Amino acid sequence: MYICLMYSSELIKGTLKTIVLNLLKEEGRMYGYEITQRVKVLTEDKIQITEGALYPTLHALEKNGELETEKEYIGKRVRKYYRLTDQGLETANDRVSEFSDFVNTMKFLLDLEPRLGNA
Amino acid sequence: MHRVSEKEEQLILDDIKRRGVVTEDLQHNLLDHVCCIIENEMPEGVSFLGFYESIIPRFFNKELKELQVETDNLIRFKNYYAMKKTLYIAGIVSSLMTILGAIFKTFHLQGASVLIVLGGLSFSFIFLPLIIALKFKDEESKTDKLVFGIGFLLAILVSVGVMFKLMHWPMANILMQVGITGFVFGYVPLYFITRVRRPELKFNTMVNTVLMLACGGFLYAMFNLGHSHYVRDSFFVMHQNMRHQVDNSNQELEERTAELNDSLKIDVQNVLEATAALKSYIERIRVNSIVTTQNTNEVNAATMNITSMSWGVSAERLQDELMDPEKELNGLELKQKILDWKKTIVESGLSDEDLEHWVDLDGMTTLEFGKQSWEEAHFGHATVVSVVTYLDQLSLELNMRTIQYLNIKEEQR
């Protein structure tokens, strides 16, 4: 469900929650469109989150108690802002440290960091 | 920048609804998102509708409804992993408890019933329902979901039935009969028909069907393993004979007493009175045991035939009562009264040797319960039928021994 300009979808599957949670941790509160745009800017268009994947994830996180929402009216239209709950903050931290550990393991496994004697 | 008008908002919202998004929150999220895209990304000079049509495919692969389905799935199965974990734990706990319960029951240890009931409950009402829920999520085909659903519901019925049977609770047979009949004649054919035509499943289906029929057949053959009616009937006949003998011996004792000459009558008076008192105490225990277990009053209990009693009902309550020294009618008191009766006979002139085998109060050693005292052996593991039978036997012996006593006294003259 991702549109990934540079990466295959297999590569990033399973990271959407981590991305959303961490973004909300940094930015405080955000609404859907803002999240997609922010990811686009931060990754210089390398990762684009599709709307099709974003909203089901946001709803599931909210139902799970990781996110809370506030509504704002733009004219007659409702804008839903998402914000981390305490539980969500904890999950965000867990997810990020798990992912960074995973990245380190992958680096080691795939021999991506040139080690002494390898040259 | 194009400002989305209220009319255009309504148009987008209607379109989102028309495309199958039903959750209101999701509708408004999508509306806001589409409006944001239009307001931020729509180039000048492009028509609103044209641009809308071009961006909406960004939200899905085939149709917008996917979002609704995906959201529902994520929300509905957010507990998927918790459910799986609970399933494993419930599975392990219920098997351990059932096995332990069975071992405890075999060795007559305390807590067997609690273990079996807890094991049965967690198996029937946590493990099996969770399997149904998870199977419903994993299975693609609706037919398979239905067939498995029926199968597991029948399994719940059977396992509750087995638990009831083990605990001697009412309705056990009907639960097992309905469950197993449904399983053998409903589920197994359904399972076979729906799967055998699929080549990839054919072999497994045939093997599973045979196994399930075999297991179901065995259970079917076993679920009425109660007392054979031949055993029951012969027991009833034997007991009827004994009741008859008790009546005869009562009559004989009366006649024998009437025949005594006056001087001997005075001599044996104490013993005759002791026998009558003891027999009356025995009769009271007999009536009370029937009242305790058969849900009847004392008048009916006195004349109740053994054929109309339920075996094994409230057996533990009866055992507790008969073994409780605080109760007015109990086994220990009966033992004491028998000893007193014997003492009265000795005081009346018979020797201890004469009384050597009279009303044996020795304990017993059985394979099942080991070494036991007289009261434990007759009342500690009793059912109403065994108590009534033993008490009748006791009354018969008392009559016969009293007649024997009268004979000896007469010879002594």
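The values are calculated or read from the model by the stated rules, or taken from the named source; none is laboratory data. Note that the coordinates shown come from a computational prediction; the quantities given were computed from them, not determined experimentally. Methodologically, a virtual Cβ is constructed for each residue, glycine included, from the backbone with ideal geometry; neighbour enumeration extends over all protein chains shown. For accessibility, only protein heavy atoms count, side chains too; no ligands or nucleic acids. Shrake-Rupley method; radii C 1.70, N 1.55, O 1.52, S 1.80 Å.
Restricting attention to the range A:21-34, and to residues there that are touching a Phe, Trp or Tyr at 6+ places or on another chain (Cβ under 8 Å) and open to solvent by less than 60 Å² (accessible area, probe 1.4 Å), which single residue is farthest from B:Cys35 (Cα to Cα)?
My answer is A:Leu24.
Only one of B:Gly161, B:Gly182, B:Gly151, B:Gly186 is assigned to a helix (DSSP H, G or I) and loosely packed, with under 15 Cβ neighbours inside 10 Å. Can you tell me which?
Testing whether each residue is assigned to a helix (DSSP H, G or I) and loosely packed, with under 15 Cβ neighbours inside 10 Å leaves just B:Gly186.
Looking at the structure I just gave you, is B:Thr307 under 31 Å from the mean Cα position of the chain (by Cα) and either at pLDDT below 85 or assigned to a helix (DSSP H, G or I) (or both)?
yes
Between B:His28, B:His33, which is open to solvent by less than 40 Å² (accessible area, probe 1.4 Å), modelled with pLDDT of 85 or more, within 25 Å of A:Glu72 (Cα to Cα) and within 13 Å of chain A (Cβ to nearest Cβ)?
After applying the criteria, what remains is B:His33.
In the range A:38-51, how many residues are open to solvent by less than 70 Å² (accessible area, probe 1.4 Å), more than 19 Å from A:Leu84 (Cα to Cα) and not in a loop (DSSP other than H, G, I, E, B)?
3
Only one of A:Leu58, A:Leu54 is crowded, with 19+ Cβ neighbours inside 10 Å, within 8 Å of another protein chain (Cβ to nearest Cβ) and under 14 Å from the mean Cα position of the chain (by Cα); which?
Answer to the check: A:Leu58.
Output the number of the condition that B:Glu44 fails; it satisfies all remaining conditions of (1) at the interface with chain A (Cβ under 9 Å from one of its Cβ atoms); (2) open to solvent by 70 Å² or more (accessible area, probe 1.4 Å); (3) of a type in the set (Asp, Glu).
(1)
Using the structure shown, decide if B:Lys137 is part of a helix (DSSP H, G or I) and either in contact with a strand residue (DSSP E or B) (Cβ under 7 Å, 6 or more places away or on another chain) or within 19 Å of B:Leu87 (Cβ to Cβ) (or both).
So B:Lys137 passes the test.
Select from the range B:90-109 the residues that are surrounded by 14 or more Cβ atoms within 10 Å (Cβ to Cβ) and closer than 24 Å to B:Ala133 by Cβ and write down the one among them that is farthest from the other protein chains (Cβ to nearest Cβ).
Within the range B:90-109, the match that is farthest from the other protein chains (Cβ to nearest Cβ) is B:Thr98.
Can you list residue pairs whose Cβ atoms sit under 7 Å apart, with the first residue in the range B:284-306 being touching a residue at least 24 places away in the same chain (Cβ under 8 Å) and of a type in the set (Ser, Thr, Tyr) and the second being in a helix (DSSP H, G or I) and open to solvent by 40 Å² or more (accessible area, probe 1.4 Å)? Count only pairs 6 or more apart in sequence or on different chains.
Pairs that qualify, where the first residue is touching a residue at least 24 places away in the same chain (Cβ under 8 Å) and of a type in the set (Ser, Thr, Tyr) and the partner is in a helix (DSSP H, G or I) and open to solvent by 40 Å² or more (accessible area, probe 1.4 Å), are B:Thr292/B:Arg317; B:Thr292/B:Glu321.
Here's the yes/no breakdown for (1) buried (at least 16 other Cβ atoms within 10 Å of the Cβ); (2) modelled with pLDDT under 85:
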| position | (1), (2) |
| --- | --- |
| B:Lys343 | no, no |
| B:Val346 | no, no |
| B:Glu353 | no, yes |
| B:Gly370 | no, yes |
| B:His378 | yes, no |
| B:Val384 | yes, no |
| B:Val387 | yes, no |
| B:Leu398 | yes, no |
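Which condition does B:Ala112 not pass, out of (1) more than 14 Å from chain A (Cβ to nearest Cβ); (2) open to solvent by 70 Å² or more (accessible area, probe 1.4 Å), if it passes all the others?
Evaluating B:Ala112 over (1) more than 14 Å from chain A (Cβ to nearest Cβ); (2) open to solvent by 70 Å² or more (accessible area, probe 1.4 Å) leaves (2) as the failure.
Out of all the residues in the range B:54-65, is one or more hydroxyl-bearing (Ser, Thr, Tyr) and either surrounded by fewer than 17 Cβ atoms within 10 Å (Cβ to Cβ) or away from chain A (no Cβ under 13 Å) (or both)?
Among the residues of the range B:54-65, at least one is hydroxyl-bearing (Ser, Thr, Tyr) and either surrounded by fewer than 17 Cβ atoms within 10 Å (Cβ to Cβ) or away from chain A (no Cβ under 13 Å) (or both), which makes the answer yes.
For the range B:81-89, state whether one or more residues are out of contact with any strand residue (DSSP E or B) (no Cβ under 7 Å at 6 or more places or on another chain), part of a helix (DSSP H, G or I), within 14 Å of chain A (Cβ to nearest Cβ) and open to solvent by less than 60 Å² (accessible area, probe 1.4 Å).
For the range B:81-89, residues out of contact with any strand residue (DSSP E or B) (no Cβ under 7 Å at 6 or more places or on another chain), part of a helix (DSSP H, G or I), within 14 Å of chain A (Cβ to nearest Cβ) and open to solvent by less than 60 Å² (accessible area, probe 1.4 Å): present.
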